1. Expressed in nm to one decimal, what extension gain is obtained for the pair Gln69 and Arg14 from 0.36 nm per residue of sequence separation less their Cα-Cα distance?
2. In Å, the Kirkwood hydrodynamic radius of the range 17-105 over pairs of distinct alpha carbons?
3. Taking a 1.4 Å probe, which of Phe74, Phe44, Phe68, Phe129 shows the most accessible area, and what order do the others take after it?
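The values are calculated or read from the model by the stated rules, or taken from the named source; none is laboratory data. Bear in mind the structure is a predicted one, so any value in this text is a computation, not a measurement. Side chains included, ligands, DNA and RNA excluded: accessible areas come from the protein's heavy atoms. Shrake-Rupley method; radii C 1.70, N 1.55, O 1.52, S 1.80 Å.
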Amino acid sequence: MGDLYISSAALTPREEMALVPLVRSGDVAARDMMLSSVVRLVRFIASGCSAGDEELDEMIQVGMVAAFQALKTFDPRKGRWSQHAAQRARMSMYRERRKKAPVQVPEGPRSLARKILAAWEALVADTGFAPTQEAVAAAIDAEVEDVGDSWDLAFGPAMRSAASLDAPVV
């Protein structure tokens, strides 16, 4: 397994086409060649989603396990191996980060936040002004309190309340 991290040359599409049947038939050398071709890519992706060295190693491991699993679903007629492995690794790393997040927001509030953001953008496009929480609540047929609770999730704490530049400063 140590050699896997040393050699990491990218594969050509022709090499990928030749290796896939070998991997499917259980050829360990072919499997290792395909996996070693994405190690640097997985490391690069992991460096973007990790906070420190310890977490980097863990994210690389998660990404390589995802690449290993991606070997089963890879079809060279649909795209490149590196793209397929990178997508699977990125999704696995994202899921791993979400599992370790201190606060996990349930799907309900996220869905409401997306509706709030869409309604806010539509109202801005129609009126030219930033709407209030009450106007957004009316547009999506929701309670003002519910919109207020999900407002930070939709916009972040910077937009707790929409303020007009024409309004007097209090």
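1. On the way: separation 55, 0.36 × 55 = 19.80 nm, distance 2.14 nm.
Stretched out fully, the Gln69 to Arg14 stretch lengthens by 17.7 nm.
2. One over the average 1/r among Cα pairs gives 13.5 Å for the range 17-105.
3. Values: Phe74 5, Phe44 150, Phe68 90, Phe129 125 Å².
Greatest to least solvent exposure: Phe44, Phe129, Phe68, Phe74.
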